[in-house]
Amino acid sequence: MVAKVKQTNPGWLKELAKRYKKGGEVAIGFPAGTDSVGLSYPDGTLVLDVAVWQQYGVPGHIPRRDYMGSGGRAASEKAKPIAVHAVRAINRGKVDIESTLNQMGAVGASEISQAIVMLSDPPNAESTIRAKKSSNPLVDTGLLAGAPTWIIR
């Protein structure tokens, strides 16, 4: 017996491939090409420098505080259901991939900001708590917490 397959929607697969090819990738955090890279504190210190120092630590001065890892994990969990629905919507032509990536970027930046605000360990040194009048390690002026963003490349 020979099976015959009749294609009822020729060109659909090529169209679908084009939709996804237009996408690119979303970079979240402090990506090059965004305003967060040039943002600085009143004394001229770049927020990006502080972000790196806090994330990776400065030996003998600042302990490592992995807010990007915890924020990234939280963003990944929140993005899973969005991705499932987005793929279906993109496949049906109801939404484009760029708007989906922007939605994912907003979720990611928000989760990193929240991780900055919520981080409590390792704690500040007593001298730092006295100087800034706060025990929250990554929040002083609010610039760092407000800086995470995203860009589609």
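Observations
- The computed P(r) over Cα pairs in 10 Å bins from 0, in percent for the structure shown corresponds, within (1) 10, 31, 24, 11, 7, 8, 7, 2, 0; (2) 10, 42, 38, 9, 1, 0; (3) 10, 31, 25, 15, 9, 5, 3, 1, 0, to (3).
- Percent RCO, i.e. relative contact order, over the chain, from Cα pairs under 8 Å lying at least 6 residues apart: 33 percent
- Cα long-axis angle, helix 67-92 against the chain (0 to 90 degrees, to the nearest 10): 20 degrees
- Axis of helix 12-21 versus longest Cα principal axis of the chain: the two differ by about 20°, to the nearest ten degrees.
- Trypsin sites (Lys or Arg not before Pro) restricted to segment 1-57 and DSSP loop, no more than 12 other C-beta within 10 Å: Lys4, Lys6, Lys22
- Within segment 40-77, trypsin sites (Lys or Arg not before Pro) in DSSP loop having at most 16 other beta-carbon neighbours inside 10 Å: Arg64
- Count Lys and Arg as plus one, Asp and Glu as minus one, and take only other residues whose Cβ is under 13 Å from that of Arg19; the net charge is then +4.
Every number here is computed from the coordinates shown, using simple stated rules; none is lab data. Since this is a predicted model, take the numbers as computed values, not measurements. Note that we place each Cβ from the backbone using ideal geometry, even for glycine, and neighbour counts take in every protein chain shown.
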